[in-house]
Structure formats: structure tokens, C-alpha cells
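Okay, so here's the structure we're looking at.
The values are calculated or read from the model by the stated rules, or taken from the named source; none is laboratory data. All values reported here derive from a predicted model rather than from experimental measurement. Ideal geometry is used to build each Cβ from the backbone, glycine not excepted, and the neighbour counts take in all protein chains shown. Accessible surface is based on the protein model in full, side chains and every heavy atom, while ligands, DNA and RNA are left aside. Shrake-Rupley method; radii C 1.70, N 1.55, O 1.52, S 1.80 Å.
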Amino acid sequence: MISKPIAVTCGEPAGIGSELTVKAWNKLKTELIFFWMGDPGHLPKGTTYRLIESPNQAKTVMSTALPVLPVEFPEPVHFGYPNPRNAPKIVDVLLKAVELSQKDQINALCSMPINKQVLQDGADFHYPGHTEFLASISGAKRSVMMLVSPELKVVPATIHIPLSQVAPKLNAADLEEIILITHKALRNYFQIDKPEIAIAGLNPHAGENGKIGHEEITLILPLIEKLQKQGLSVTGPHSADSMFHKTARERYDVAITMYHDQALIPIKTLHFDMGVNLTLGLNFVRTSPDHGTALDIAGHGTANPTSTIEAIRLANRLGKINGKF
């Protein structure tokens with residue numbers, strides 16, 4: 001039986017999303033099935049595509065043309081120059097993709113990068129990003145961002161907030177929920193029977209026994225001990241500067257860090273072009289390439305499609321697993 005297709009949303013049409021989608025289609029057209037959601041007039045000139053009316057038609061199109069589920073936008077695209085008048089339709093595409101997922105018409109969702117400022121200016125968008133928006137419209141209690149690459153999986157406990165707000169934002173209840181959601185995802189999505197979870201400290205040298213901060217002693221360590229008593233294989237708090245070299249990485253399946261750069265710097269150093277953003281905690285599978293809209297190179301034909309290809313592959317693989325638990 002042929003599995004349901006992956007929906008790929010257009011993201012910011014003035015960015016590199018459409019170019020990457022076309023390049024991904026060229027690479028994956030005989031490997032799996034996906035379709036693109038957006039205005040076909042926004043695709044790069046010369047794109048081989050065919051319009052479809054429903055997701056199930058993608059399978060008859062995929063091998064010869066990019067399947068496109070059309071959404072008409074009010075304005076044409078000028079690569080590199082976002083138009084806020086198109087912002088409401090960008091949001092509509094995301095809403096439609098989630099609806100297709102909830103109706104069990106797609107296997108998973110892969111979203112191309114958005115420009116949050118454009119959405120705020122043109123669509124009254126009040127979310128920090130894709131992750132929080134998708135969690136809100138799908139009714140998820142909490143969403144968790146996991147970055148996946150061939151040699152490392154990382155989860156930042158806080159994401160797009162100023163560094164000065166990280167310590168006040170951290171609390172035991174939220175951190176516990178993030179760890180438990182991550183543990184469940186490793187078991188269900190990645191088929192790891194007993195996940196090994198490494199927890200980073202917040203401060204340099206993981207606080208150095210209270211000399212360089214107290215959060216490790218008052219917050220992180222007590223939570224680790226609590227979860228260990230519940231049977232989870234959780235270690236830490238580890239000094240973030242020494243937990244990402246090769247030997248250290250071999251000791252765990254995922255690293256949970258306290259803030260954005262603790263997680264993103266090591267994974268982008270190891271696999272800058274292959275990282276994939278996976279949202280945990282939703283009732284459907286959602287991935288995204290781990291980069292932005294790259295307006296400065298949009299329309300030049302030079303964008304690297306590797307992260308998009310890996311994001312679609314991961315969505316396809318996890319989407320099949322998601323229906324089994």
C-alpha cells in the first residue's frame with residue numbers, strides 16, 4: 001500500500017523555500033511522495049509542476065512533475081523582497097496543512113521557513129515562530145523543538161528569548177515536561193527502548209558546585225534525581241562546553257540544553273547543512289529545514305537543499321511510524 005503524501009508548505013514566498021522544494025523534488029521524486037502548497041506563480045521560472053485537487057493525487061504526479069495543491073496569493077513574488085500583503089495567505093497555507101493532517105489525508109507536514117516580521121506586519125501574527133503557532137492551532141498542551149542531525153539530537157528548554165530571560169524562565173514543571181515529551185519521542189519516533197538523556201547545566205562548568213550559579217543545585221539536579229527514581233535514564237547537569245565532543249556524544253541519545261545557543265551551536269558545527277527541526281508534542285509529525293528564509297540569496301538558484309531534503313525524509317519516516325502508536 002502506498003503511504004499518504006507529505007505536505008510541504010510554501011513559507012515566505014520571497015525566500016528560498018520554493019527553490020529548495022523544487023530541488024528536493026528533483027532528488028526525491030522516485031523515493032517518496034510529497035506535494036507543495038502555495039501559489040504556483042511563486043515557483044521559480046521553468047519549474048515542472050502539475051496542479052492537484054487533493055493530496056491523494058500526488059502519487060500519480062510525483063515522478064514526472066512537482067505536485068502542487070494551489071493556494072492563490074494576492075501579490076506576485078519578488079525574490080528577496082517580502083510583501084506583507086501575502087502574509088495572511090502564508091498563515092492560511094499552514095492552517096490548511098494542519099487541517100489535512102487532522103483529516104488524515106497526509107502522512108506528515110514539512111514547513112518551509114517563514115519571516116516572522118512579515119507575518120506580524122501583515123497578518124497580526126503573535127507567535128514567536130512556526131512551533132508555537134502549530135501548537136496553538138492543533139491544541140497541543142506543549143510543543144518542544146528537537147534538532148536532529150546524523151550524529152546529534154538536541155532539545156533547547158528555552159528557545160527564542162533574550163539570554164537575560166533564560167534563568168527566570170526556567171522552572172521544574174516546564175523542564176520536567178520537556179524531558180518527558182522528549183523521552184516519549186525517542187521511544188516512539190526513534191524506536192529507542194531506553195533513551196539515554198543528558199541534561200546540560202545553565203552556568204559555565206555547570207555552576208561549579210554553586211560557585212558560578214545556583215540553578216544546577218536548586219533546579220536541575222533535584223529534577224534529574226526525581227526522574228531517575230521514576231526509572232528514566234537521565235544524567236547531569238553536565239558542563240555544556242564538554243558534552244558535545246565525539247566520546248561524550250556516544251553516551252547519550254539526546255542532549256537537553258537550557259537555552260537556544262547551547263543546542264544550536266554544536267549541531268550546526270557538526271552538520272550545518274543537514275540539521276532538521278522536529279516539533280515534539282503535536283498530534284501530527286512536523287519537520288522543517290534548520291535555517292531561515294535567506295532573502296539575500298533568494299532567486300539566485302544557489303540555495304543548498306540538503307536540510308530540506310533531510311526534513312522531508314524525516315517527515316516521511318516518522319509519519320509512517322506515527323500511525324502505529
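Taking (1) among the basic types (Lys, Arg); (2) touching a strand residue (DSSP E or B) at 6+ places or on another chain (Cβ under 9 Å); (3) within 19 Å of residue 177 (Cα to Cα) in turn, residue 249 satisfies each apart from (3).
Can you name every residue in the range 39-86 that is part of a loop (DSSP other than H, G, I, E, B), in contact with a Lys or Arg (Cβ under 9 Å, 6 or more places away or on another chain) and either of a type in the set (Lys, Arg) or closer than 15 Å to residue 9 by Cα (or both)?
Scanning the range 39-86 gives 39, 71, 72, 73.
Within the option set 247, 235, 269, being β-branched (Val, Ile, Thr), surrounded by fewer than 22 Cβ atoms within 10 Å (Cβ to Cβ) and over 17 Å from residue 196 (Cβ atoms) holds for one residue only, 269.
Scanning for something β-branched (Val, Ile, Thr), part of a loop (DSSP other than H, G, I, E, B) and touching a residue at least 40 places away in the same chain (Cβ under 8 Å), does the range 17-29 turn up at least one residue?
No; the residues of the range 17-29 include none that is β-branched (Val, Ile, Thr), part of a loop (DSSP other than H, G, I, E, B) and touching a residue at least 40 places away in the same chain (Cβ under 8 Å).
Would you check if there is a residue in the range 134-149 being assigned to a helix (DSSP H, G or I), under 14 Å from the mean Cα position of the chain (by Cα), in contact (Cβ under 8 Å) with a residue 12 or more places away in the chain and farther than 23 Å from residue 222 by Cα? There is at least one residue in the range 134-149 that is assigned to a helix (DSSP H, G or I), under 14 Å from the mean Cα position of the chain (by Cα), in contact (Cβ under 8 Å) with a residue 12 or more places away in the chain and farther than 23 Å from residue 222 by Cα.
Residues in the range 101-133 that are without any contact (Cβ under 8 Å) to a residue 24 or more places away in the chain and among the charged types (D, E, K, R): 103, 116, 124, 132. Among the residues of the range 161-205, those identified as of a type in the set (S, T, N, Q), in a loop (DSSP other than H, G, I, E, B) and open to solvent by less than 60 Å² (accessible area, probe 1.4 Å) are 171, 203. When residue 272 is tested against (1) free of Cβ contacts under 8 Å to residues at least 40 places away in the same chain; (2) in a helix (DSSP H, G or I); (3) not basic (Lys, Arg), just one condition goes unmet, and that condition is (2). What about residue 317, is it farther than 18 Å from residue 21 by Cβ, without any contact (Cβ under 8 Å) to a residue 60 or more places away in the chain and in a loop (DSSP other than H, G, I, E, B)? In short, no. Would it be correct to say that residue 98 is open to solvent by 20 Å² or more (accessible area, probe 1.4 Å), of a type in the set (Val, Ile, Thr) and either assigned to a loop (DSSP other than H, G, I, E, B) or touching a residue at least 40 places away in the same chain (Cβ under 8 Å) (or both)? No: the conditions fail for residue 98. Just one of (1) in a loop (DSSP other than H, G, I, E, B); (2) at positive phi; (3) more than 23 Å from the chain's Cα centre (by Cα) trips up residue 236, so point out which. Residue 236 satisfies all of (1) in a loop (DSSP other than H, G, I, E, B); (2) at positive phi; (3) more than 23 Å from the chain's Cα centre (by Cα) except (1). Scanning the range 289-312 for residues that are crowded, with 22+ Cβ neighbours inside 10 Å, of a type outside the set (A, V, I, L, M, F, W, C) and assigned to a helix (DSSP H, G or I) gives 307, 308, 310.
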